[in-house]
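Here the structure is laid out as structure tokens; the discussion comes afterwards.
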Amino acid sequence: MSTALNTLPQWLAHNAQQLPQQVGQRHKRAGVWQEFTWQAIEREVHALAFGLAARGVQSGQTVVIISENRPEQYWAELAAMCLGAKIVALYPDATEAELEYVVEDAGAVAVFAEDQEQIDKALPIAGRHPQLHTIVWWEPGGMWGYKDAELLSWDALKAAGEPLAVRDPGHVSALVDAGQASDIALLSYTSGTTGKPKGVITTHASLLHNARAIGECMGVKPGCEYLSYIPLSWATEQWIGVTLGLMQPMCVNFAERPDQIQEAVRELACDMVFFGPRQWESMAAVVHNRMADAAPWRQALVDWGVAIGQSTRVAANEGRRVPLLNRLLLPVAEALVLKRLREQLGLKNARVAVTGGAATAPDVFRLFASMGVTLRNIYGCSEMGLISGHSVAQPVNVETVGAPLAMATPWGQGIEWRLTEAGELAVKGGAGFAGYWNKPDKTAERLDGEWYRTGDAMVASRDGRELVYLDRVDHLSRLSNGHTYPKQFIESRLRFSPYIKEVMVLGDEVHDHVTALVNIDSEVFSRWAEREGIAFTTFTDLSQRPEVVARVWREIERVNAALPVHARVRRFANLPKELDADEGELTRTRKLKREAIAERYRAIVDALYSRAQTAALEVPVRYQDGRTGVLRAQVRLGGDTQDTVRGPSQSNVSTKPLEAWT
């Protein structure tokens with residue numbers, strides 16, 4: 001591939017010229033998969049670019065896109081980039097206030113909004129920000145009554161560009177040819193867990209370097225089938241779905257609706273699958289759930305098959321001896337159990353399975369490895385790009401986030417790294433950190449000379465080659481007795497339980513022991529309660545049933561057994577409602593907003609650190625229809641004030657990384 005291709009639109013032009021009839025994207029619409037060739041994609045993108053140019057969009061300006069993962073989202077992004085504009089992709093459930101913040105901060109002049117829901121967020125903002133002169137929609141439902149001057153349909157935007165296309169047919173191509181690797185491609189806004197979101201400046205060089213690094217690290221082949229599921233507001237999907245999709249090129253697929261992702265995964269059986277830890281944990285929970293409902297003989301068969309996979313595939317990867325009998329039994333287990341599990345999960349062709357974005361429990365890696373799916377970790381950040389990963393050339397160390405990527409590309413250098421005295425990872429190299437948009441002070445805070453401070457607490461693996469993620473440095477907690485512990489390390493292991501959907505570990509310099517707030521998995525517990533003959537009415541009722549509290553405590557004890565005594569969870573509470581991004585409890589990437597949660601559930605937290613057995617909670621809630629109310633609940637507290645759990649020798653939960661902080 002030519003190194004002269006230095007922007008995403010240039011790669012699109014290359015594919016349209018060299019592979020005009022090759023399918024580059026596929027979208028399920030009205031139950032039918034519709035295919036788009038590279039030639040057709042470029043034609044649509046250029047038509048949009050002419051329309052944007054006719055509306056006055058120029059190089060250096062900002063275009064915002066708010067949508068579910070759709071081909072139109074990709075096309076709009078590439079169209080803006082053709083003109084030299086930069087884009088911001090927002091989560092589809094972003095609020096009007098979140099959209100307005102970005103419009104104001106980035107000076108957006110145009111918004112692509114998928115449907116009426118998104119249009120209703122954007123239109124009031126246009127009235128308050130005169131520079132926002134164009135809003136484009138493409139899903140027609142409910143749009144017939146809108147007459148606002150700023151508003152255009154998808155087809156109307158293309159029609160607006162037709163006179164320019166006739167007058168100057170080479171206009172867009174000339175702008176594409178003039179693009180440079182150093183041009184700003186997008187602003188990737190941080191989640192805002194520590195303040196106002198910051199727009200990370202991302203150049204075309206950064207996108208191309210990171211996509212090439214991922215492709216090489218993971219062994220992605222040309223023509224690879226991939227399902228776009230992770231929102232484009234997450235930098236990793238920009239590297240994989242958008243950029244790697246152009247460079248390899250891949251065939252990028254889109255489900256008909258967000259709630260049909262799992263159906264699409266099974267139907268497509270893609271070669272490459274990238275999910276965040278929560279999605280992989282959910283798929284693991286699917287296996288547990290189905291077995292819980294199966295006949296005893298079938299449960300025993302699946303347990304046997306997975307055990308054979310663990311004792312062969314997992315053991316071989318971890319350098320342990322594989323008994324001869326187990327090697328002989330693996331083909332039987334594969335035929336009777338493991339192949340069928342992969343097919344049910346849509347992983348039968350998954351040669352590249354990737355996770356990233358947060359800590360993933362080692363047991364998740366081992367479960368999928370036993371099925372024959374080698375799950376690999378990538379680690380990075382929007383600011384510096386991809387930092388480390390599990391390469392296809394090396395066995396997967398499930399306790400790590402892989403080795404720092406030393407490879408250089410035409411657009412960036414290999415990663416260099418060091419650990420500070422405080423255990424914080426600092427890196428340099430890659431495509432570099434271009435800074436935060438209009439925030440030079442915040443940019444300076446992240447730099448130590450030429451080194452970028454990631455804010456992540458790490459230790460090196462025993463051989464010194466790989467990195468072990470512990471937590472954010474700011475989240476490494478110290479108890480009043482002087483002991484420290486990493487919250488995310490514990491949380492990721494607790495979330496492997498099919499019964500625990502989310503968990504936040506508590507404990508600071510004011511307290512001498514660790515507690516936790518738990519969100520139960522309502523689907524798993526509903527089935528469990530039905531089998532156990534336990535009656536309940538609502539999520540709140542189910543979460544506070546004494547049998548449910550006891551079941552969660554057993555799951556916590558399993559993880560406690562692998563932890564140093566000072567880091568063990570002593571008491572916990574099941575939250576009476578599910579954590580919700582719309583109520584400020586989670587970010588749009590489903591990360592915990594710890595301070596907000598601790599304050600919102602202060603009554604429970606205070607009770608956990610007393611001898612109380614229950615806590616009275618009143619918390620404001622927002623319903624799906626927009627109504628607000630107050631949830632009142634008597635929350636049952638679980639666990640014990642004394643440390644009575646088993647010692648580490650009685651558990652099979654890994655303790656390898658703990659040596660760094662015990």
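The values are calculated or read from the model by the stated rules, or taken from the named source; none is laboratory data. Small disclaimer: the values here were computed from a predicted structure and weren't measured. Neighbour counts are summed over all protein chains in view; Cβ atoms, including those assigned to glycine, are modelled from backbone coordinates with ideal geometry. What goes into the accessible areas is simple: the full protein's heavy atoms, side chains included, and nothing from ligands, DNA or RNA. Shrake-Rupley method; radii C 1.70, N 1.55, O 1.52, S 1.80 Å.
Keeping to region 552-601, report how many residues are at positive phi and in contact with a strand residue (DSSP E or B) (Cβ under 7 Å, 6 or more places away or on another chain).
0
Given the conditions (1) open to solvent by less than 30 Å² (accessible area, probe 1.4 Å); (2) under 30 Å from HIS14 (Cα atoms); (3) among the polar types (S, T, N, Q), report the number of the one that GLN180 does not fulfil.
Condition not satisfied by GLN180: (1).
Do we have any residue at all in region 260-268 that's surrounded by 14 or more Cβ atoms within 10 Å (Cβ to Cβ), farther than 27 Å from GLU35 by Cα and without any contact (Cβ under 8 Å) to a residue 40 or more places away in the chain?
No: region 260-268 contains no residue that is surrounded by 14 or more Cβ atoms within 10 Å (Cβ to Cβ), farther than 27 Å from GLU35 by Cα and without any contact (Cβ under 8 Å) to a residue 40 or more places away in the chain.
Out of VAL242, VAL252, which single residue is open to solvent by less than 10 Å² (accessible area, probe 1.4 Å), of a type in the set (Val, Ile, Thr) and either more than 16 Å from LEU8 (Cα to Cα) or out of contact with any strand residue (DSSP E or B) (no Cβ under 7 Å at 6 or more places or on another chain) (or both)?
VAL242
Take the residues of region 84-126 that are touching a residue at least 60 places away in the same chain (Cβ under 8 Å) and within 20 Å of GLY161 (Cα to Cα): which is farthest from the chain's Cα centre (by Cα)?
Here the residue is GLY84.
Return yes or no: is VAL401 open to solvent by 10 Å² or more (accessible area, probe 1.4 Å) and touching an Asp or Glu at 6+ places or on another chain (Cβ under 9 Å)?
Against the criterion (open to solvent by 10 Å² or more (accessible area, probe 1.4 Å) and touching an Asp or Glu at 6+ places or on another chain (Cβ under 9 Å)), VAL401 qualifies.
Among the numbered conditions (1) out of contact with any helix residue (DSSP H, G or I) (no Cβ under 6 Å at 6 or more places or on another chain); (2) in contact (Cβ under 8 Å) with a residue 24 or more places away in the chain; (3) under 21 Å from THR400 (Cβ atoms), tell me where VAL314 comes up short.
Here VAL314 clears every test but (1).
Which residue, of VAL314, VAL273, is under 30 Å from ILE387 (Cα atoms), touching a strand residue (DSSP E or B) at 6+ places or on another chain (Cβ under 8 Å) and not in a loop (DSSP other than H, G, I, E, B)?
VAL273
Please determine whether any residue of region 209-229 is part of a helix (DSSP H, G or I) and open to solvent by 20 Å² or more (accessible area, probe 1.4 Å).
Yes: one or more hits.
Among what's in region 317-355 and is touching a residue at least 40 places away in the same chain (Cβ under 8 Å) and under 17 Å from GLN394 (Cβ atoms), pick the residue that is nearest to the chain's Cα centre (by Cα).
THR355
How many residues does region 127-142 contain that are open to solvent by 10 Å² or more (accessible area, probe 1.4 Å) and touching a residue at least 24 places away in the same chain (Cβ under 8 Å)?
Summing the residues that are open to solvent by 10 Å² or more (accessible area, probe 1.4 Å) and touching a residue at least 24 places away in the same chain (Cβ under 8 Å) in region 127-142 gives 9.
Say we look at region 20-37 and pick out the residues that are touching a Ser or Thr at 6+ places or on another chain (Cβ under 8 Å) and outside any strand (DSSP E or B); which of these is surrounded by the most Cβ atoms within 10 Å (Cβ to Cβ)?
Checked region 20-37; the qualifying residue surrounded by the most Cβ atoms within 10 Å (Cβ to Cβ) is GLN22.
Are there any strands (runs of 3 or more DSSP E) wholly within region 412-522 with 1 or more residues that are without any contact (Cβ under 8 Å) to a residue 24 or more places away in the chain and more than 21 Å from the chain's Cα centre (by Cα), and if so which?
Filter on region 412-522 gives 413-419, 424-430.
Considering only residues that are under 28 Å from ARG527 (Cα atoms), open to solvent by 10 Å² or more (accessible area, probe 1.4 Å) and without any contact (Cβ under 8 Å) to a residue 60 or more places away in the chain, which ones fall in region 551-607?
Across region 551-607, the qualifying residues are ARG551, ARG554, LYS577, ASP580, GLU583.
Between SER382, SER391, which is within 25 Å of MET283 (Cβ to Cβ), within 22 Å of the chain's Cα centre (by Cα), modelled with pLDDT of 90 or more and open to solvent by 30 Å² or more (accessible area, probe 1.4 Å)?
One residue alone meets the criteria, SER391.
Could you go through region 368-383 and let me know if any residue there is in a loop (DSSP other than H, G, I, E, B) and either in contact with a Cys (Cβ under 6 Å, 6 or more places away or on another chain) or within 30 Å of THR202 (Cα to Cα) (or both).
Yes, region 368-383 contains a residue that is in a loop (DSSP other than H, G, I, E, B) and either in contact with a Cys (Cβ under 6 Å, 6 or more places away or on another chain) or within 30 Å of THR202 (Cα to Cα) (or both).
So which of VAL630, VAL621, VAL635 is outside any loop (DSSP other than H, G, I, E, B), modelled with pLDDT of 85 or more and loosely packed, with under 10 Cβ neighbours inside 10 Å?
VAL630
Among the residues that make up region 286-293, is at least one of them assigned to a helix (DSSP H, G or I), open to solvent by less than 40 Å² (accessible area, probe 1.4 Å), among the small types (Gly, Ala, Ser) and touching a helix residue (DSSP H, G or I) at 6+ places or on another chain (Cβ under 7 Å)?
Yes, there is a match, as at least one residue in region 286-293 is assigned to a helix (DSSP H, G or I), open to solvent by less than 40 Å² (accessible area, probe 1.4 Å), among the small types (Gly, Ala, Ser) and touching a helix residue (DSSP H, G or I) at 6+ places or on another chain (Cβ under 7 Å).
Could you list, in sequence order, the residues of region 319-333 that are open to solvent by less than 60 Å² (accessible area, probe 1.4 Å) and closer than 28 Å to ARG462 by Cα?
Residues satisfying the conditions are VAL322, PRO323.
Being free of Cβ contacts under 8 Å to residues at least 40 places away in the same chain, in contact with a Lys or Arg (Cβ under 8 Å, 6 or more places away or on another chain) and under 29 Å from PRO222 (Cα atoms), is that true of even one residue in region 74-83?
Within region 74-83, one or more residues are free of Cβ contacts under 8 Å to residues at least 40 places away in the same chain, in contact with a Lys or Arg (Cβ under 8 Å, 6 or more places away or on another chain) and under 29 Å from PRO222 (Cα atoms).
Which residue is modelled with the lowest pLDDT, if the candidates are limited to region 318-337 and must be part of a loop (DSSP other than H, G, I, E, B) and of a type outside the set (Gly, Ala, Ser)?
GLU318
Of the numbered conditions (1) modelled with pLDDT of 95 or more; (2) within 25 Å of the chain's Cα centre (by Cα), GLY195 satisfies every one except a single condition; which is it?
Every listed condition holds for GLY195 apart from (1).
For TRP11, are the conditions met, namely being assigned to a strand (DSSP E or B) and either open to solvent by less than 30 Å² (accessible area, probe 1.4 Å) or modelled with pLDDT of 95 or more (or both)?
Judged against the criteria, TRP11 is not a match.
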